[in-house]
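Novice: Quick one: the structure is below, and I'll ask about it shortly.
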Amino acid sequence: MRAPFTIVFPGADASVAPATPRNVPVSGGPASPTAEATRAQFQGAVVRVTVSRGETALVVDRARLHDIIQWLHDDPAQSYEYLSDLTAVEHRDTARPIEVVWHLRSLRFRRFLRVKVEIPNGAPLEVASVWDIYKGVDWLERECYDMFGIHFSGHPDLRRILLWEQYKEGFPLRKDFPLRGRFSRSEQLKNALAANPEARYSMEELSIANAYSELPAEMRQRLAKGEKTGE
Amino acid sequence: MSQKRTLEVELSTTGLGPDGRPRRVPLVVGGDAGGLALASPPADGPDLEGEHMLINIGPQHPATHGVLRLVLELDGETVVRCIPHIGYLHCGFEKIGEYRQYNQIIPWTDREDYLNSIGNNIAFALGAERLFGIEITERCKVLRVIGAELSRIASHLVWLGTTCIDIGAFTPFLWSFQERENIYNLLEAWVGARMTTSATRVGGMAADIPDKWVEGLVGFIRTFPKTIDECDRVLTKNGIWVGRTAGLGVMTPDEAINWSLSGPMLRASGVAYDVRRDFPYLDYETYDFDVPVGTAGDVYDRYLVRMEEMRQSVRILDQAVKRLPDGPVNVDDPRVILPPKSKATSEMESMIHHFKNVMEGPRPPVGECYVAVESPKGEKGYYMVSDGTSKPSRWRIRPPSFLNLAAIPRMVEGHLLSDVIAINASIDIVMGEIDR
Amino acid sequence: MGLNLDTLGGHGPATELNRMEPRPDEPWVTTKLDFLVNWGRANSLWPMPFGTACCAIEMMASFASKFDLARFGMERMAFSPRQSDMLICAGRVPFKLAPVLRRIWQQMPQPKWAISMGACASTGGMFDNYAVVQGIDTIIPVDVYVPGCPPRPEGLIYGIMMLQKKVMNERRATRGIRDEMTPDPSSKLYIPASRIDALSEPFGNSVHQTRSAP
């Protein structure tokens with residue numbers, strides 16, 4: 001029998017008791033102390049700091065995003081150990097850049113922080129994956145890729161997650177995607193019914209999962225010969 | 001795979017390590033061979049000649065709680081790897097939200113985590129109110145707490161019933177659905193619907209509670225703990241129940257935080273994080289309630305945490321009923337709240353407000369906000385971006401069970417096939433919320 | 001219980017085994033074969049619950065203590081399509097699930113019936129977007145539509161009682177009534193593509209709303 005866990009209490013180093021926020025200003029207000037600390041730590045990497053509804057958002061340089069999040073996670077004075085959410089935003093005004101948004105929480109200090117990266121128009125939709133810092137971001141990054149087509153470099157297995165692999169219509173949450181999809185209803189139904197509901201993970205896909213060497217020898221030999229098993 | 005890094009995998013084929021878990025060996029990814037290789041083969045060598053088998057559970061399977069699909073690689077009866085496939089219930093909620101006004105989105109929030117409809121309505125309304133910069137009335141706050149706790153109990157009861165069926169106990173299912181009918185009766189008297197309540201509006205509620213409703217709620221508060229005690233007596237010290245749940249799917253506190261688990265999953269792993277207490281809303285900090293925490297992080301602890309949460313919800317309901325103040329439910333702001341129908345048909349100004357509200361919809365200032373509440377599944381967040389028009393330019397749902405389910409490959413590996421069902425049940429997934 | 005087998009005809013010489021006349025001490029009944037078969041089928045429908053979303057919870061409520069669907073001969077839930085007569089499709093069906101639903105329907109043996117429970121399964125409901133099938137009758141033939149979002153358990157029970165009536169009125173003489181429908185091999189559709197497009201046209205103001213009010 002394993003020993004019981006030591007219980008982690010959030011807010012161990014928080015200075016104020018938690019309370020329901022009241023009369024939150026629509027914009028402006030004091031920024032989180034993290035913003036200043038990040039600015040000092042990463043010279044020039046913080047593009048701007050905005051405060052909206054009492055929540056601080058750091059817009060950071062795309063190239064240094066991974067370092068910044070790593071530091072926010074590791075630094076004992078910041079300690080953003082919990083990733084609440086990852087998503088992307090495309091504005092109606094398509095001249096504005098697409099934003100990728102990370103919502104971080106520090107359980108220790110009871111803080112909340114929004115980190116953003118802007119991908120300018122025309123630039124490749126690619127940002128660094130933070131999968132090596134937060135394991136929980138795995139599916140969120142896959143979903144973001146599925147819905148927006150944003151590539152997360154360094155993600156171990158970036159595939160579509162909500163839609164199926166052979167989905168032909170594009171990325172649904174992009175603003176140029178019509179609400180009812182690009183194809184007619186009959187075309188959509190034909191495409192959907194053509195999918196094989198029994199198609200499993202093929203052996204090729206298994207090989208990219210993280211235990212290739214565990215496969216039976218015979219299966220590995222067949223893979224090496226280029227045999228395909230996907231139904 | 002471009003860069004080289006080292007992973008650890010658990011090799012269940014090499015037998016158990018000294019700590020009783022499958023042995024862990026380091027793996028190098030992206031090395032010279034380009035693929036994956038064992039950094040150093042284990043001394044005794046894994047039995048690579050064994051026949052592995054792929055089996056497929058779902059998407060239509062009674063124990064997957066919806067349309068989840070799990071592809072399992074088995075070595076004998078032990079799970080070597082689990083690959084979940086989701087998206088069989090992807091209905092494009094977030095896309096539709098961009099085409100609807102704020103009040104029009106509320107019916108969609110019902111149908112996304114459909115076990116916790118009122119809780120979602122409240123979360124969305126809180127987010128929209130933060131976006132608009134509205135402070136709701138005191139009576140509305142207490143009514144929302146009552147709604148949220150009722151739906152928490154209702155959701156945990158479905159979890160209890162279905163998990164019992166999965167593990168082989170049928171009776172608690174009948175008891176819990178009987179209690180759910182009592183909650184449904186209360187909700188129906190309040191908002192007119194059993195499940196899909198659409199109870200809130202931006203700035204208030206769709207309806208105030210009817211006369212004598214509180215008496216019904218007090219009756220529920222009095223009788224419900226008896227049902228919980230009864231389930232407790234049947235299950236908690238039941239040898240079969242403990243045998244089927246204890247020691248399964250363990251997540252340590254660090255792992256649980258790193259995997260972004262939330263709700264009872266996180267608390268069973270020994271992290272006392274509850275949004276109601278740590279990032280309060282609706283004045284939850286003024287209610288007296290305990291946050292149950294587990295110390296083993298297994299399926300049995302998750303069961304205990306959820307049972308205790310139902311009792312704590314009853315405590316909160318009891319306090320809320322006692323403090324329920326009189327006064328208006330909706331804020332006095334004609335920009336967001338519809339005027340009463342009698343006024344809209346008789347007074348010019350009210351008619352104009354009604355027309356503007358219905359045809360154009362209220363417009364929040366430019367900006368964004370993320371509001372999280374403690375749903376029965378965990379931290380439920382709504383992230384809304386406004387560009388100053390009456391429809392959000394992005395409406396994002398932070399689904400707690402999506403992130404909880406993402407850890408299932410980690411939790412089931414090394415366990416038996418029959419335990420996969422128990423572990424999956426303990427996550428309390430709702431596919432409507434996962435796939436959205 | 002004796003049985004009047006006149007309608008079958010063609011039985012050989014009257015032996016002890018196939019004699020027609022009941023003995024005076026035997027109880028017996030005479031009826032139409034259609035009635036007897038339909039009566040048996042209608043009162044022991046084995047449902048195959050294909051629950052996806054909100055409606056599945058109301059379906060569970062109708063199986064549970066208060067509503068108790070077992071009173072209508074549905075004691076046995078068949079979670080395997082191969083041992084069931086009646087598919088209850090409860091909840092929305094996205095395109096990703098369409099081939100699964102089709103496969104489950106094809107796995108069910110004849111005679112089989114389908115109930116489409118809820119607005120989303122019947123018409124796509126409030127989800128007129130890129131992801132959701134606009135009515136499962138474009139994938140499988142449906143016998144009874146139960147409206148509601150979600151329907152109350154009483155609604156589902158009423159739909160099942162309507163299906164029982166429909167089963168009672170079936171005539172075995174009707175040609176092709178229990179033939180398996182075969183989809184078009186190239187498009188895999190039962191009904192013409194133009195008809196699907198016409199059926200799932202946008203209606204009301206469901207999609208004509210712009211993203212942002214002018």
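Novice: Please find, among B:276, B:267, B:244, the residue that is of a type in the set (Lys, Arg), at pLDDT 90 or above, in a helix (DSSP H, G or I) and surrounded by fewer than 24 Cβ atoms within 10 Å (Cβ to Cβ).
Specialist: The match here is B:276.
Novice: Looking at segment B:367-374, can you tell me whether even one residue there is within 14 Å of chain C (Cβ to nearest Cβ) and farther than 30 Å from residue B:167 by Cβ?
Specialist: no
Novice: If you don't mind, there's one more thing I want to ask. Looking at segment B:157-178, I want the residues that are in the same structural domain as residue B:194 (by TED's automatic domain parsing) and have a partner that is outside any helix (DSSP H, G or I) and buried (at least 21 other Cβ atoms within 10 Å of the Cβ) with Cβ atoms under 6 Å, at least 6 apart or on another chain. Which pairs are those?
Specialist: Hits for this filter: B:158/B:115; B:159/B:428.
Novice: Quick one: would you say residue B:296 is part of a helix (DSSP H, G or I) and either more than 11 Å from every other protein chain (Cβ to nearest Cβ) or surrounded by 20 or more Cβ atoms within 10 Å (Cβ to Cβ) (or both)?
Specialist: On the way: part of a helix (DSSP H, G or I): no; either more than 11 Å from every other protein chain (Cβ to nearest Cβ) or surrounded by 20 or more Cβ atoms within 10 Å (Cβ to Cβ) (or both): yes.
It is false that residue B:296 is part of a helix (DSSP H, G or I) and either more than 11 Å from every other protein chain (Cβ to nearest Cβ) or surrounded by 20 or more Cβ atoms within 10 Å (Cβ to Cβ) (or both).
Novice: So, one more: What's the total number of residues in segment A:110-122 that are within 16 Å of residue A:55 (Cβ to Cβ), part of a loop (DSSP other than H, G, I, E, B) and away from chain B (no Cβ under 11 Å)?
Specialist: Residues in segment A:110-122 being within 16 Å of residue A:55 (Cβ to Cβ), part of a loop (DSSP other than H, G, I, E, B) and away from chain B (no Cβ under 11 Å): 0 in total.
Novice: Still on this structure, please answer the following. If a residue has to be over 15 Å from residue B:88 (Cα atoms) and either within 14 Å of chain A (Cβ to nearest Cβ) or not in a loop (DSSP other than H, G, I, E, B) (or both) to count, how many in segment C:89-123 make the cut?
Specialist: Residues meeting the conditions: 11.
Novice: How about segment B:180-239: which of its residues are within 14 Å of chain C (Cβ to nearest Cβ), outside any helix (DSSP H, G or I) and more than 22 Å from the chain's Cα centre (by Cα)?
Specialist: B:192
Novice: State whether the residues of segment C:134-147 include one that is out of contact with any strand residue (DSSP E or B) (no Cβ under 9 Å at 6 or more places or on another chain), away from chain A (no Cβ under 14 Å), farther than 25 Å from residue C:61 by Cα and not in a loop (DSSP other than H, G, I, E, B).
Specialist: no
Novice: Taking the condition of being free of Cβ contacts under 8 Å to residues at least 60 places away in the same chain and more than 8 Å from every other protein chain (Cβ to nearest Cβ), how many residues in segment A:161-181 meet it?
Specialist: Adding up the residues that qualify gives 6.
Novice: Further question on the same structure: Would you say residue C:212 is at pLDDT below 85, surrounded by 18 or more Cβ atoms within 10 Å (Cβ to Cβ) and assigned to a loop (DSSP other than H, G, I, E, B)? Break it down into steps so the answer makes sense when it comes.
Specialist: On the way: at pLDDT below 85: yes; surrounded by 18 or more Cβ atoms within 10 Å (Cβ to Cβ): yes; assigned to a loop (DSSP other than H, G, I, E, B): yes.
So residue C:212 passes the test.
Novice: Still on this model: Name, by its number, the condition in (1) surrounded by fewer than 21 Cβ atoms within 10 Å (Cβ to Cβ); (2) within 20 Å of the chain's Cα centre (by Cα) that does not hold for residue B:139.
Specialist: (2)
Novice: Do we find that residue C:104 is touching a strand residue (DSSP E or B) at 6+ places or on another chain (Cβ under 8 Å), touching a residue at least 40 places away in the same chain (Cβ under 8 Å) and within 24 Å of residue C:66 (Cβ to Cβ) in this structure?
Specialist: On the way: touching a strand residue (DSSP E or B) at 6+ places or on another chain (Cβ under 8 Å): yes; touching a residue at least 40 places away in the same chain (Cβ under 8 Å): yes; within 24 Å of residue C:66 (Cβ to Cβ): no.
The answer is no for residue C:104.
Novice: For residue C:84, are the conditions met, namely being more than 9 Å from chain B (Cβ to nearest Cβ), of a type in the set (S, T, N, Q) and within 24 Å of residue B:162 (Cβ to Cβ)?
Specialist: yes
Novice: Continuing with this model, one more query. Suppose we filter B:423, B:429 for residues that are in a helix (DSSP H, G or I) and either within 10 Å of another protein chain (Cβ to nearest Cβ) or hydrophobic (A, V, I, L, M, F, W, C) (or both); which single one remains?
Specialist: B:423
Novice: Kindly indicate whether residue A:190 is more than 25 Å from residue A:119 (Cα to Cα) and at pLDDT 85 or above. Show your work before the answer.
Specialist: On the way: more than 25 Å from residue A:119 (Cα to Cα): yes; at pLDDT 85 or above: yes.
Judged against the criteria, residue A:190 is a match.
Novice: Here is a further query. With the checklist (1) in contact with a Leu (Cβ under 9 Å, 6 or more places away or on another chain); (2) within 11 Å of another protein chain (Cβ to nearest Cβ) in hand, flag the one item residue B:147 doesn't pass.
Specialist: Checking residue B:147 against (1) in contact with a Leu (Cβ under 9 Å, 6 or more places away or on another chain); (2) within 11 Å of another protein chain (Cβ to nearest Cβ), the one that fails is (2).
Novice: Is it the case that segment B:80-93 has a residue that's in contact with a helix residue (DSSP H, G or I) (Cβ under 6 Å, 6 or more places away or on another chain), within 18 Å of residue B:196 (Cα to Cα) and surrounded by fewer than 24 Cβ atoms within 10 Å (Cβ to Cβ)?
Specialist: Within segment B:80-93, one or more residues are in contact with a helix residue (DSSP H, G or I) (Cβ under 6 Å, 6 or more places away or on another chain), within 18 Å of residue B:196 (Cα to Cα) and surrounded by fewer than 24 Cβ atoms within 10 Å (Cβ to Cβ).
Novice: What number of residues within segment A:123-139 satisfy the criterion of being part of a loop (DSSP other than H, G, I, E, B), more than 10 Å from chain B (Cβ to nearest Cβ) and not polar (S, T, N, Q)?
Specialist: Step one: filter segment A:123-139 for residues part of a loop (DSSP other than H, G, I, E, B), giving A:123-125, A:129-136.
From the residues that got through so far, the ones that are more than 10 Å from chain B (Cβ to nearest Cβ) too are A:123-125, A:129-131.
Going one step further and asking which of them are not polar (S, T, N, Q), we end up with A:123-125, A:130-131.
Summing the residues that are part of a loop (DSSP other than H, G, I, E, B), more than 10 Å from chain B (Cβ to nearest Cβ) and not polar (S, T, N, Q) in segment A:123-139 gives 5.
Novice: Under 22 Å from residue A:131 (Cβ atoms) and more than 9 Å from chain B (Cβ to nearest Cβ): does that describe residue A:84?
Specialist: no
Novice: For residues in segment B:58-79 being of a type in the set (A, V, I, L, M) and part of a loop (DSSP other than H, G, I, E, B), which is surrounded by the most Cβ atoms within 10 Å (Cβ to Cβ)?
Specialist: Step by step, filter segment B:58-79, then rank; the result is B:67.
Novice: Please tell me if residue B:397 is buried (at least 23 other Cβ atoms within 10 Å of the Cβ) and within 14 Å of chain C (Cβ to nearest Cβ).
Specialist: When the stated conditions are applied, residue B:397 does not pass them.
Novice: Suppose we filter B:375, B:386, B:401 for residues that are touching a Pro at 6+ places or on another chain (Cβ under 8 Å), modelled with pLDDT of 90 or more, within 27 Å of residue B:297 (Cβ to Cβ) and among the small types (Gly, Ala, Ser); which single one remains?
Specialist: Exactly one of B:375, B:386, B:401 is touching a Pro at 6+ places or on another chain (Cβ under 8 Å), modelled with pLDDT of 90 or more, within 27 Å of residue B:297 (Cβ to Cβ) and among the small types (Gly, Ala, Ser), namely B:375.
The values are calculated or read from the model by the stated rules, or taken from the named source; none is laboratory data. It should be emphasised that the depicted structure is a prediction, and the values quoted were computed from it without experimental measurement. Positions of Cβ are backbone-derived with ideal geometry, glycine not excepted, and every protein chain shown enters the neighbour counts.
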